[in-house]
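Okay, so here's the structure we're looking at.
Please treat every number below as a calculation from the coordinates, not as lab data. Just so we're clear, the structure is a prediction, and the values are computed from it rather than from any experiment. Heads up, the Cβs are rebuilt from the backbone with ideal geometry, glycines too, and the neighbour counts pull from every protein chain shown.
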Amino acid sequence: LHAIAHTLSQGKRALVLTPEIALTPQLVRRFRGRFGEGIAVLHSGLSLGERYDEWRRIRRGEVDIVIGARSAIFAPLDNLGIIVVDEEHEASYKQSEGVTYNARDLALVRGKLEKATVVLGSATPLITTFHAAKEGRFHYLHLPERVQGRPMPETRILDIRKLKGVTFSPEMIASIAENIEKGGQTLLFLNRRGFATFLLCKDCGHVFRCPNCSVTLTHQRAKQRHFCHYCDYSLPAPSICPECNGTDIGLFGRGTERVEDEVRELFPDARVARMDSDTTTGRGGHARILKQLENGSIDILIGTQMIAKGHDYPGVTLVGIVSADATLNIPDFRSAERTFQLVSQVMGRAGRGDSPGKVIIQGISYDHYALLRAAAHDYEGFYDEEIAFREDAGYPPFSHLAMIVISGTAEKAVEKGAQDAARSLREERQNLKIRAEILGPAPAPLAKVRGRFRWQILLKARNRTELKRLLHTFQREWNPPRILRTVIDVDPVDTL
């Protein structure tokens with residue numbers, strides 16, 4: 001806020017990017033309280049008319065500050081003095097559908113072109129960002145303590161390997177009960193929505209999967225249906241197995257809906273709410289739940305990652321992370337980094353008011369360095385371990401990546417197309433004498449999405465210019481069948 005005030009005092013304007021639309025109302029209230037009404041808001045959650053009105057106000061020079069999600073990077077703001085990218089580590093700054101771009105990276109480009117200062121803000125910056133700062137390419141500003149010198153929350157990691165079929169450890173249950181008794185609020189975090197994560201026939205072992213995507217269906221008990229979270233396919237809760245006609249069908253795995261049920265059973269007198277994309281679909285859904293938490297109408301809030309990002313909950317004195325190591329199993333070289341960031345961000349919701357906070361982390365891989373360093377509030381310690389792995393494996397920041405995804409509705413054609421593309425890339429690499437590693441082709445971890453089969457090829461190169469030369473040559477020479485779609489993603493934020 002001080003940096004923006006200084007920018008405005010010089011007659012220049014400010015652009016503030018936030019990773020989630022849900023974070024904008026709180027941010028706008030804070031900014032209007034400090035700077036008045038000369039603020040515009042831009043994000044895809046607005047109607048076309050609302051977006052046009054805001055765009056016109058910006059174009060006419062009627063505002064000094066623009067706040068918005070990733071698309072706000074294109075705001076027609078003249079005389080730009082500062083761009084703030086809040087929570088710069090968030091993958092949601094990447095637009096992967098249609099015209100692909102990363103708003104964080106575009107902020108750096110726009111700042112350079114318009115001679116504006118760019119602030120990349122995060123308590124858990126990207127490994128690549130921190131490495132650049134250590135090399136002197138960014139100016140590193142460190143905040144050594146919390147606002148008003150508040151202490152970091154007391155944190156415990158619990159090994160739950162022996163807790164078979166149980167969601168909460170005895171210590172977690174006791175801590176929640178104690179926190180309610182003291183009048184504190186509790187956040188419970190689980191990054192899986194729904195009631196159960198998969199449905200299985202106990203007679204023959206058949207797992208109910210989406211016919212359009214290579215994922216299991218998630219059960220939502222409130223609607224008594226099974227849903228695919230990728231294509232929105234759904235079916236009524238079945239009573240008979242389609243493979244063996246058996247009737248012994250069980251629900252397995254836990255989502256936020258099931259955790260909510262268990263919490264209500266454990267604490268029947270507590271006021272319990274859930275915040276995930278199933279409970280916030282209506283207009284103003286996020287704001288309604290956050291308002292209830294803010295005014296003390298909620299004792300326990302259960303939620304997915306949307307409760308972890310940027311919100312201030314002064315009354316929250318206990319945070320419980322139900323399955324902290326779930327993201328460690330994602331087949332992506334950034335899985336440890338994402339786990340550290342997510343756990344750290346959730347932990348940061350505790351003790352932001354006058355009362356000290358406490359965090360309980362449950363996990364099977366309780367001794368993984370991502371969890372240990374997060375619990376110790378030790379970003380630099382995590383960085384040192386993670387950067388050693390990245391250098392040994394040749395991943396960013398020690399290389400540049402590009403992902404080529406071949407997709408189509410005919411499985412054999414997709415496989416052949418991917419093999420042909422990889423062969424072409426290897427020939428072009430040899431002809432151009434480019435030093436690049438070509439991994440694949442292989443089926444994508446999500447091998448089928450919305451009825452389209454997917455194969456991928458990963459390119460790694462230490463020299464970005466050489467990688468661009470290889471990709472430009474490939475684009476010029478590659479002529480796949482019309483039934484195939486080819487997507488080239490430079491600097492992918494995931495490899496799924």
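With a Förster radius of 35 Å applied to the C-beta separation of H142 and V99, the computed FRET efficiency comes to 0.45. In terms of the mean number of neighbouring beta-carbon atoms within 10 Å, the peptides 27-40, 418-431 order highest first as 418-431, 27-40. Approximating the spin labels as points 7 Å out from Cα along Cα→Cβ, the E178-to-E411 distance works out to 5.4 nm.
Calculated [222 nm] ellipticity per residue, helices only, for the chain: -9500 deg cm²/dmol; basis is -39500 (n - 2.57) per DSSP H run with n ≥ 4, divided by all residues, nearest 500.
Here R34 and M152 are evaluated by their C-beta separation; at R0 = 35 Å the FRET efficiency comes out at 0.85.
Straightening the chain between R60 and L48 buys 2.5 nm, computed as 0.36 nm per residue apart minus the Cα-Cα spacing.
The distance separating the Cα centre of the range 50-113 from that of the range 183-209 comes to 37 Å. Remark: the chain is approximated by an ellipsoid whose semi-axes, taken from the C-alpha gyration tensor as √(5λ), come to 35, 34, 23 Å, largest first.
Summing charges over all other residues whose Cβ lies under 13 Å from the Cβ of G61, with Lys and Arg as +1 and Asp and Glu as -1, gives +3. If you plug the beta carbon distance of S234 and D203 into 1/(1 + (r/R0)^6) with R0 = 35 Å, you get a FRET efficiency near 0.90. Spin-label pair N479-N79: with each label point 7 Å from Cα along the Cα-Cβ axis, the two points sit 5.4 nm from one another. By the Cβ distance rule (another cysteine Cβ under 4.7 Å), the unpaired cysteines of the chain are C231.
Toward the positive end of the charge dipole of the range 2-122, with +1 on the Cβ of Lys and Arg and -1 on the Cβ of Asp and Glu, the farthest Cα among L48, V109, G121 is that of V109.
Full extension of the segment from D354 to R423, taken as 0.36 nm per residue of separation minus the current Cα-Cα distance, would add 18.7 nm. Say a paramagnetic label sat at a point 7 Å from the Cα of K164, along Cα to Cβ; which residues of the range 339-383 have their backbone N under 19 Å from it? In the range 339-383, the label zone of K164 (backbone N under 19 Å from the point 7 Å along Cα→Cβ) covers 363-365. Mind running the shape call on the range 2-122? Use the C-alpha gyration tensor, a ≥ b ≥ c as the square roots of the eigenvalues: rounded below 1.5 for a/c, prolate if a/b tops b/c, oblate otherwise. Rounded. Among the trypsin sites (Lys or Arg not before Pro) in the range 38-88, those located in a DSSP loop and surrounded by at most 11 other Cβ atoms within 10 Å of their own Cβ are R60. For the range 207-269, the list of GluC sites (Glu not before Pro) that fall in a loop by DSSP and count at most 16 other C-beta atoms within 10 angstrom reads E243.
Loop-located chymotrypsin sites (Phe, Trp or Tyr not before Pro) in the range 85-160 (DSSP state not H, G, I, E or B) with no more than 12 neighbouring Cβ atoms inside 10 Å: Y140. Taking Lys and Arg as +1 and Asp and Glu as -1, the other residues whose beta-carbon sits under 11 Å from that of L108 total +2.
Subtracting the Cα-Cα distance of Q292 and D491 from their residue separation scaled by 0.36 nm leaves 67.7 nm.
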